[in-house]
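A short worksheet on the structure shown next.
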Amino acid sequence: MNTKSKRHSYRILVIDDNTAIHEDFLKILTKTTGAGDGIEDMEALLFGSEAQPVPSTDFEIDTASQGEAGLDLARKAKAENRPYSLAFVDGRMPPGWDGIETISHLWKESPDLQVVLCTAYADYSWQEIRKVLGESDSLLILKKPFDNVEVLQLAHALTRKWELNQEIHGRLNQLAYYDGLTGLPNRSLFMDRLTQALNQARRYGQQGALLFIDLDNFKRINDTLGHGIGDDLLKAMARRLVKSLRLSDTVARPTDAQMAARLGGDEFTVILPKLEHESDAGTIAKRIETNFAKPMTIGNHQFLVTSSIGIAIFPQDGDTVETLLKNADLAMYFAKNSGPSNFKYYQESMNAAALKRLTIEIQLRQAIERDEFTLHYQPQIDLVSKRMSGMEALLRWHNGELGDVSPGDFIPIAEESGLIIEIGEWVMRTACRQIGRWDEQRISIDRIAVNVSVKQFIHPGFLKMVGDILTETGLSPRRLEIEVTESLLVSDSKEVVRILKTLKGMNIRIAVDDFGTGYSSLSRLKEMPIDCLKIDRSFICGIDNGTSDQSIISAIIAMAEGLDLSVIAEGVQTTRQVNFLMDKRCIEAQGFFFSRPLSAAHTEDFFHKALSFPENKKSD
């Protein structure tokens, strides 16, 4: 089958002080090529392309009479993104630059330009040429006088070589500067562009912004559904990110420097090199978050992905690329801690908070070894019999450097760092041992409740750890109550159900802590082997303020009765709350009304005191 060849067009620059030579090159290189000129046969021989049609070639010729004028043309061609592939340069062009000096200037502007130096035998020695221009495979010498076929051969061969070099350079550039998965610029190109943007902002008194973007809970998707689904999700997010920037010209004028990049994993960045107002960066961040959060389907799975974005304005938020990136990352961390689909601007105060967090994490890693943890116990009261029905073990930490550290400060850090696994084991073992000590003192406590984090619950060694502790301490499994958060029940993980059923099979009680805040469905509760619901303290506090929380509490108690579950009200502080709960047949409660969390010694004192509900008792 005869296939027509595609025609290629290359730009060639001729620099010679003799205008008659210009005409000669135009006649040789712009005449119509055909079967009679032998070019196709010559190219087949040169390139070994006998099996494929050799593309016909068109040459676009520009001429200059001096080296300086030729350099100006080369600069213009490059600026227009239509560079020359080949230059024929005369050796002697008085009174201006000679051929070698001209080539030197051309290569500074266009290092990949192929060059033919046209010279008489006596003009230069090879040693002279190499001394000035160095070794190069982009330079050939054409001795005068030259034959037309020589010029044609060189033109075809060198323009094809230039094209091949461009293709290779393009592939190498793609590998070196672009992310192989998403096609976005990678860290190397991002750092280079951010450096340019920061220098530009300082030089011209402008301001720009760096956005640091992290996908919320991406690791969970990757670990649960596999890296294939995770990769497809990252590619989809990259497309949405680019689309968000295309829409941003109403607040930030797009330039070559504005770009999105993937730093690695689920971390993306955006450079906005020129902003009219700082608030414009927030407008773009909000658009990105909105586009990210739109539902998408990959395979058989539907996703709703949220993101956290940190914003650093430059140059004021960082005078170096490293500082700017660190501060944007820090702002992202604070955004993530504020909940899904949030963005935060960097503030100087964040550094103090970050330092505090780092100090807590460092000290936390040695807390068990230093014996800095203690357990306090909050009584759980049977509202009918007015006796203590159980205890909830609550972790406390006193550090020599930090003093008393609030659980609200150190528990989230323990979760993020993975230290919660070791700490959680210490809590459960210590609580079970304490029950054994109280048994020896004839202090009878029906059960001990221990909070277990989601990360600890799904840890592969969790069930074995629980069994080992019960065996080691001799505690009856029915006296151990494990409290899990409602968010655990929302998960569709079959592994969660398996662990719950295994615990239930061991006769361990399961309580859902902070119930009412996690949006678990009734059908989900029916499937789970749950023993107890603990009504969140926020609803209990609302008893004194209005009817909506009272209605929620009444509904939870009624639902629990229907599912044959017990109920404990948390955070009880007033007589009115106690009376309301008793009226609604809530059997158990805990809170400051009865007792604050107590040390082990004070718990023993509390046990020996008669419990009463004084009518006028106020909140502590």
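Do the sum for the chain: with -39,500 (n - 2.57) for every DSSP H run of n ≥ 4, divided by all residues, what is the mean residue ellipticity at 222 nm, to the nearest 500 deg cm²/dmol?
Working: 23 runs with 285 residues, N = 620.
It comes out at -14500 deg cm²/dmol, rounded to the nearest 500.
Given the peptides 280-286, 305-311, arrange them by the average over their residues of other C-beta atoms within 10 Å, most packed first.
Details: 280-286: 20.3, 305-311: 24.4.
Peptide ranking by packing, descending: 305-311, 280-286.
Return P(r) of segment 82-165 (all Cα-Cα pairs; 5 Å bins starting at 0; whole %; ordered from short to long distances).
3, 13, 27, 26, 20, 10, 1, 0
Could you give the length gained by full extension between Arg433 and Thr502, i.e. 0.36 nm per residue of separation minus their alpha carbon distance, to one decimal place?
Fully extending the segment from Arg433 to Thr502 adds 22.6 nm.
Using the alpha-carbon atoms, what tilt in degrees (0 to 90, nearest 10) does helix 19-30 show relative to the longest principal axis of the chain?
60 degrees
Based on the alpha carbon coordinates of segment 407-465, what radius of gyration and maximum Cα-Cα distance (Dmax) apply, in Å?
Taking only Cα atoms of segment 407-465, I get Rg and Dmax of 13.5, 40 Å.
For segment 495-600, what percent of Cα pairs sit more than 20 Å apart?
41 percent
Check the straight Cα-Cα distances from Lys108 and name the aspartates and glutamates below 14 Å, setting aside those fewer than 8 residues away within the same chain.
Glu68, Asp72
What order do you get for 369-377, 338-346 when each peptide is scored by the mean count of other beta carbon atoms within 10 Å, highest first?
Ranked by mean Cβ neighbours within 10 Å, highest first: 338-346, 369-377.
Quote to one decimal, in nm, the extra length available between Leu563 and Thr306 on full extension: 0.36 nm per residue of separation minus the C-alpha distance between them.
89.1 nm
Roughly how much of Glu322 is accessible, in Å² to the nearest 10, using a 1.4 Å probe?
Only protein atoms counted, so the area is about 120 Å².
Starting at the first residue of segment 378-387, write each ³J(HN,Hα) from the Karplus equation 6.51 cos²θ - 1.76 cosθ + 1.60 with θ = phi - 60°, in whole Hz, x for Gly and Pro.
Residue by residue, segment 378-387 yields 9, x, 10, 10, 7, 5, 8, 7, 6, 10 Hz.
Which ³J(HN,Hα) values, rounded to whole Hz and listed in residue order, are derived for segment 201-216 from phi using the Karplus coefficients 6.51, -1.76 and 1.60 in 6.51 cos²θ - 1.76 cosθ + 1.60 with θ = phi - 60°, glycine and proline given as x?
5, 5, 5, 10, x, 9, 10, x, 9, 10, 9, 10, 10, 10, 7, 6
Just the projected area, averaged over all directions, of the convex hull on the alpha carbon atoms of segment 378-515: how many nm²?
In nm², the orientation-averaged hull projection of segment 378-515 is 9.8.
Mind jotting down the distance between the C-alpha centroids of segment 411-474 and segment 349-376, whole Å?
That distance is 21 Å.
For segment 79-219, restrict the atom set to alpha-carbon positions and state the Rg and Dmax in Å.
So, for segment 79-219, Rg and Dmax equal 22.0, 74 Å respectively.
Report P(r) for segment 244-397: all Cα-Cα distances, bin width 10 Å, range 0 to the bin holding the largest distance, values in whole percent.
Histogramming segment 244-397 at 10 Å steps yields 9, 27, 24, 16, 14, 7, 2, 0 percent.
Taking all protein chains together and a probe of 1.4 Å, list Arg193, Arg220, Arg498 from the most accessible to the least accessible.
If we order Arg193, Arg220, Arg498 from most to least accessible, we get Arg220, Arg498, Arg193.
Keeping all protein chains in place, calculate the accessible area per residue for segment 422-536 (probe 1.4 angstrom), answer in Å².
I get 45 Å² per residue for this part.
Sorted by accessible area with a 1.4 angstrom probe, largest first, how do Lys386, Lys219, Lys143 fall? Intermediate values should be presented prior to the final figure.
Numbers: Lys386 95, Lys219 140, Lys143 65 Å².
Result, largest first: Lys219, Lys386, Lys143.
Distance between Cα centroids, segment 190-226 to segment 545-593: provide it in whole Å.
Cα centroid of segment 190-226 versus Cα centroid of segment 545-593: 48 Å apart.
Residues with amide H under 5 Å of Arg387's amide H, sequence separation 5 or more or different chain, H placed in the peptide plane at 1.01 Å from N; which?
Asp382
Quick check: pseudo-label points 7 Å beyond the Cα along Cα→Cβ at Asp371 and Arg524, how many nm apart are they?
So the two model labels end up 4.3 nm from each other.
Scan around Phe343 for amide H atoms under 5 Å from its own, H built in the peptide plane at 1.01 Å from N, and keep only partners 5 or more places away or cross-chain.
Distant-sequence amide H within range of Phe343: Ile309.
For the pairs Lys526/Lys584; Lys455/Lys501; Lys235/Lys344; Lys243/Lys294, flag any whose C-alpha to C-alpha distance is greater than 20 Å.
Pairs exceeding 20 Å: Lys526/Lys584; Lys235/Lys344.
Once label points are set 7 Å from the Cα along Cα→Cβ at both Ser417 and Arg478, what is their separation, rounded to one decimal in nm?
4.1 nm
Across all directions of projection, what mean area in square nanometres is found for the Cα convex hull of the chain? Please list the in-between numbers first.
Details: hull surface 169.1 nm².
That works out to 42.3 nm².
For Lys609, list the lysines whose Cα falls under 21 Å from its own Cα; do not include residues on the same chain fewer than 8 positions away.
Once the sequence-local lysines are set aside, what remains near Lys609 is Lys386, Lys617, Lys618.
Suppose R0 equals 25 Å; then what is the FRET efficiency for Asp72 and Leu26 from their Cβ-Cβ distance, rounded to the nearest 0.05?
Calculated transfer efficiency: 0.80.
Could you work out how far helix 227-246 tilts from the main Cα principal axis of the chain, as a 0 to 90 degree angle to the nearest 10?
Here the helix axis deviates by roughly 70 degrees.
At what distance in nm do the modelled label points of Trp426 and Ala354 sit from each other, each positioned 7 Å from its Cα along Cα→Cβ?
Here the answer is 2.8 nm between the modelled labels.
Tell me the relative contact order for the chain as a rounded percent, counting alpha carbon contacts under 8 Å between residues six or more apart.
8 percent
Could you sort Arg203, Arg479 by accessible area so the largest value comes first, with the probe set to 1.4 Å?
Correct descending sequence by accessible area is Arg203, Arg479.
Can you compute the FRET efficiency between Glu495 and Glu60 using 1/(1 + (r/R0)^6), with r the Cβ-Cβ distance and R0 = 60 Å? Round to the nearest 0.05.
That pair, Glu495 with Glu60, gives E of 0.35.
If I fit a long axis through the Cα atoms of helix 494-505 and take the longest principal axis of the Cα atoms of the chain, what angle between them do I get, 0 to 90°, rounded to 10?
Roughly 20 degrees, rounded to the nearest 10.
For the chain, which whole percent of the accessible surface, found with a 1.4 angstrom probe, sits on carbon and sulfur atoms?
Reported share for carbon and sulfur atoms: 51 percent.
Can you give the convex hull volume of the alpha carbon atoms of segment 369-414 per residue, in Å³?
Per residue, the Cα convex hull of segment 369-414 comes to 99 Å³.
Per 0.36 nm of contour for each residue apart, how much would the distance between Glu604 and Glu109 grow if the chain were fully extended, relative to their Cα-Cα spacing?
Details: separation 495, 0.36 × 495 = 178.20 nm, distance 8.62 nm.
Result for the pair: 169.6 nm of gain on full extension.
Only sites in a loop by DSSP and with at most 15 other Cβ atoms within 10 Å count here; which GluC sites (Glu not before Pro) in segment 523-605 make the cut? Write down the numbers at each step before the final one.
On the way: sites: Glu527, Glu561, Glu570, Glu588, Glu604; in loops: Glu570.
Sites meeting the loop and neighbour criteria: none at all.
The values are calculated or read from the model by the stated rules, or taken from the named source; none is laboratory data. All figures in this text were calculated on a predicted structure; none of them were measured in a lab. Every residue, glycine as well, gets a Cβ built from its backbone with ideal geometry; the counts of neighbours run over all protein chains shown. Side chains are part of the model used for accessible areas, which takes the heavy atoms of the whole protein and leaves out ligands, DNA and RNA. Shrake-Rupley method; radii C 1.70, N 1.55, O 1.52, S 1.80 Å.
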